[in-house]
Amino acid sequence: WMTQKPQRSLEETQLELYQIFRGTVQRVLDFGIVVDMILPGKSPDEKISGMVHLSHVSKSRIEKPKDAGFRSGQSVYVKLISIGQKGESAGAGEGGLMLSLKDVDQKTGADLMPHRSVAASSSAAGNNPSSIKIATGSAAASASAVVVHPGLDVAALKRRQDDEEAENITQRQMQGFKGMDNTYLPPSARNQLNNNRIGG
């Protein structure tokens, strides 16, 4: 208990999805890299650990993270790409923060994949695109699903899905009318038919 970091809530740290942070490589593992992120406006002692999975270490294919040349103590730029259900209180890779090294220019800190934040903001209806704050685990768990290909028209895809869903609903409703006689009868004939059934 004496070596545990004080736990802060996500609201307290105000982490924003797709935000770029300065960090330090803590450990290089076979499946990824653990990075201590330095939070803006906080003291250098207040760091949050996150995991960079092997697939987000380099744009080129590598077998192990050490093949990309990263080493413990190295200063890096990382992008926050997913917040797990346990948030920042979980350790790196334990349902906590997932980071990317390949999405950020390591020399300048520039975002090399800005379309991810644009796609996320356009699909989050009613949200202010400049501040997509993740406060709950359930919303954060689906955050990585928002990441899309830069050429994909998210709005057109959503319209198509809505049209297909409406068509499916209509078909299900029509199935409920099977066996009914859809023959048109003028009102006088309907009245006569109903009278025969009632008086019958």
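Here are the numbers:
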item	result
Two-site label geometry, residue 154 and residue 105: point separation in nm, points 7 Å out along Cα→Cβ	2.4 nm
Unsatisfied cross-links (Cα-Cα over 18 Å) in the set 59/158; 47/79; 42/66; 79/158; 42/107; 64/107	59/158; 42/66; 79/158; 42/107; 64/107
Inter-label distance for residue 75 and residue 193, nm, one decimal - labels placed 7 Å from Cα along Cα-to-Cβ	8.4 nm
Computed lengthening from residue 112 to residue 173, 0.36 nm per intervening residue step minus Cα-Cα distance	17.2 nm
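Bear in mind that the values in this text are calculations on the coordinates, not laboratory data. Owing to the predicted nature of the structure, the values given are computational and were not obtained by experimental measurement. Quick reminder, even Gly has a Cβ in these numbers, built from the backbone with ideal geometry, and neighbours come from all protein chains shown.
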